[in-house]
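Trainee: Structure incoming, see below.
Quick note: the coordinates plus some simple rules give every number you see, no bench work behind them. Keep in mind that what you see is a predicted model, and the values were worked out from it rather than measured. Please note: Cβ atoms are built from the backbone with ideal geometry, for glycine as well, and neighbour counts cover all protein chains shown.
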């Protein structure tokens, strides 16, 4: 089998992690080949087009935009203005639990927001001290104390302060959107770390020209610095000889030699591409036992007029709008996630909707608006009692219940199920986050970039780092590139 060219590094995938990694590697002088299995770059940040709409494959709101890892990567690549992040005044609108609340982006609106939150949550005065302590610790806990919560759950954190059902549900849905794992599994330390930085930076949003503008800027920078990019190039096997990476083989028969390979798929998928026999048994077992996040179900809704001003919409409540929330309990939240995990349509549902056209109206024809709705879902390997169509109908029913002004203005709806997402991003079971942010899998306990196979590295949302989604992957990609450049400079590859 003929081998094409010899590279220092092959990067698999052009999502935010792979593209950031490739950009830094090429800037550092490494001969870099970037492989993308799809016809378009971007991974979960990629897109498709329909009737003049530019539609992102994923449903995103970036936690810190230019002030987080994305901005850092752009500066390191010398292209700080290559991606624009237009502002909106209100980051999110929360509706449900008897509430209708706008969550502001700007600092000057914060005091009024917390006063309105307290009023709409209908908190008894006796709960006020606990309420203030909870939010104070969530936003201002000293950095050295955050790690003490890494191996404790969001549920433990909330219950250490309050058992008020509405406060509990509001936080569970707000924080659940970060990591797409149940609150009884999510790391409290990770949630606190992310919340503090979001509150400090107040720069959540989306880029102009869609989220693909981020990996597009990174890959363009990499190509400018000499990297090669091949699309429609799916890796079939990562070749290893004598405990060292030799290169990759593609499904079309092409092979490429390299001193190092960066995998941005899940650790378990990487194990299969390499072959478990090439790893120490302890490492292989660790990979097999690594938890991934839940997947997502999405609906892309085109509407014939602008209906919302906020960057995103967050909804939560009973699917039956006649259900009285007076009997709301903490157990209702637990049952909702248990149903999600086991493939059962729950009686309550939380969903998130980004409104990308509020950041860039050019993503839709003039006078139109695009909504991207998603909810958590069971992994495709879970035997669900309902079809994807039934799940989609339930999610849309909940969305229209809480935002009824949408229904009469719908032009069309595209639904993207877990199997589609899994196939596009190339991760078995389609997790939103490749290594779930649960106790034992955050901060220094995440899988490291280096693997026991010399020259094989992990990057993206499956290894190292902290953060939310795209930003976690981007930060991990940069750190992985720095690790590889150091190894190259010290002749370890």
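Trainee: Looking only at the chain, where both bridge partners belong to it, what percent of the DSSP beta bridges are antiparallel (to the nearest 5)?
Mentor: Details: 47 of 70 bridges.
Of the beta bridges lying entirely in the chain, close to 65 percent run antiparallel.
Trainee: Next question, about the same structure. Which distance in nm do the two modelled labels at residue 304 and residue 51 give, with both placed 7 Å along the Cα-to-Cβ direction?
Mentor: The two pseudo-label positions are separated by 1.0 nm.
Trainee: Would you give the gap between the C-alpha center of segment 369-443 and the C-alpha center of segment 277-300, rounded to a whole Å?
Mentor: One Cα centre to the other: 20 Å.
Trainee: How long are the semi-axes of the ellipsoid equivalent to segment 1-140, from square roots of 5 times the Cα gyration tensor eigenvalues, in whole Å, largest first? Before the final figure, lay out the partial values.
Mentor: Values: eigenvalues 372, 71, 43 Å².
Whole-Å semi-axes of the equivalent ellipsoid: 43, 19, 15.
Trainee: Relative to the present Cα-Cα distance, how much length would full extension add between residue 126 and residue 486 at 0.36 nm per residue of separation?
Mentor: Numbers: separation 360, 0.36 × 360 = 129.60 nm, distance 5.60 nm.
Difference between extended and current length: 124.0 nm.
Trainee: How would you rank 409, 60, 54, going from fewest to most other Cβ atoms within 10 Å of each one's own Cβ? Intermediate values should be presented prior to the final figure.
Mentor: Working: 409 15, 60 24, 54 18.
Ranked by crowding around the Cβ, least crowded first: 409, 54, 60.
Trainee: Here's a follow-up. Among 24, 301, which comes first, second and so on when ranked by fewest other beta-carbon atoms within 10 Å?
Mentor: Working: 24 26, 301 22.
Ordered from fewest to most neighbouring Cβ atoms within 10 Å, 24, 301 come out as 301, 24.
Trainee: What FRET efficiency, computed as 1/(1 + (r/R0)^6) with R0 = 51 Å and r the Cβ-Cβ distance, is obtained for residue 112 and residue 329, rounded to the nearest 0.05? Walk me through the numbers before you get to the answer.
Mentor: Values: r = 30 Å, r/R0 = 0.59.
Efficiency computed from Cβ-Cβ geometry: 0.95.
Trainee: Evaluate the distance, in nm, between pseudo-label points positioned 7 Å from the Cα of residue 184 and of residue 244 along their respective Cα→Cβ axes.
Mentor: It is 5.0 nm.
Trainee: OK, next. Residue 156 to residue 6: FRET efficiency via 1/(1 + (r/R0)^6), r the Cβ-Cβ distance, R0 51 Å, to the nearest 0.05?
Mentor: Values: r = 51 Å, r/R0 = 1.01.
The value I calculate is 0.50.
Trainee: Another question, then. Using only the alpha-carbon atoms, how far is helix 469-489 inclined from the longest principal axis of the chain? Give it as 0 to 90 degrees, nearest 10.
Mentor: 20 degrees
Trainee: Place the peptides 280-289, 335-344 in order of packing, highest mean first, counting for every residue the other Cβ atoms within 10 Å and averaging per peptide.
Mentor: Working: 280-289: 13.4, 335-344: 17.8.
With the highest mean Cβ count within 10 Å placed first, the list reads 335-344, 280-289.
Trainee: Starting from the 7 Å offset along Cα-to-Cβ, what nm value, one decimal, do you get for the label separation of residue 393 and residue 319?
Mentor: Each label point is offset 7 Å from its Cα along the Cβ direction, giving 1.0 nm.
Trainee: In whole percent, what relative contact order does the chain give with Cα contacts below 8 Å and a gap of six or more residues? Could the numbers behind the result be given before it?
Mentor: Working: 1059 pairs, mean separation 123.1, N = 493.
Relative CO of the chain lands at 25 percent.
Trainee: Still on this structure: In what sequence do 134, 115, 314 fall when counting other Cβ within 10 Å, fewest first? The partial results should precede the final answer.
Mentor: Values: 134 19, 115 10, 314 24.
Taking fewest neighbouring Cβ atoms as first place, the list is 115, 134, 314.
Trainee: Cα axis of helix 330-342 to longest principal axis of the chain: angle in degrees, 0 to 90, nearest 10?
Mentor: Once rounded, one gets 40 degrees.
Trainee: How high is the FRET efficiency between residue 347 and residue 84 when r is their beta carbon distance and R₀ equals 45 Å, given to the nearest 0.05? List each step's numbers first, then the result.
Mentor: Working: r = 42 Å, r/R0 = 0.93.
So, using R0 = 45 Å, E works out to roughly 0.60.
Trainee: Any idea how far the Cα center of segment 20-45 sits from the one of segment 99-143, in Å?
Mentor: Spelled out, the Cα-based centre of one part sits 41 Å from the other.
Trainee: Do the sum for the chain: with -39,500 (n - 2.57) for every DSSP H run of n ≥ 4, divided by all residues, what is the mean residue ellipticity at 222 nm, to the nearest 500 deg cm²/dmol? Spell out each step's value before the answer.
Mentor: On the way: 15 runs with 169 residues, N = 493.
The per-residue figure over the chain is -10500 deg cm²/dmol.
Trainee: On a 0 to 90 degree scale, rounded to 10, what angle separates helix 128-140 from the longest Cα axis of the chain?
Mentor: The answer is roughly 20 degrees.
Trainee: Grab every C-alpha pair in the chain, bin the distances at 20 angstrom width from 0 up to the longest one, and report whole percents.
Mentor: Pairs per bin, as whole percents: 24, 57, 18, 1.
Trainee: Same structure again: What residues from segment 34-67 fall in the zone where the backbone N is under 17 Å from a label point 7 Å along the Cα-to-C-beta line of residue 251?
Mentor: What the label zone holds, given the 17 Å backbone N cut-off, is 35-44.
Trainee: Between residue 386 and residue 224, what is 0.36 nm times their sequence separation minus the Cα-Cα distance? Round to one decimal in nm.
Mentor: Details: separation 162, 0.36 × 162 = 58.32 nm, distance 4.84 nm.
Extra length from residue 386 to residue 224 when fully extended: 53.5 nm.
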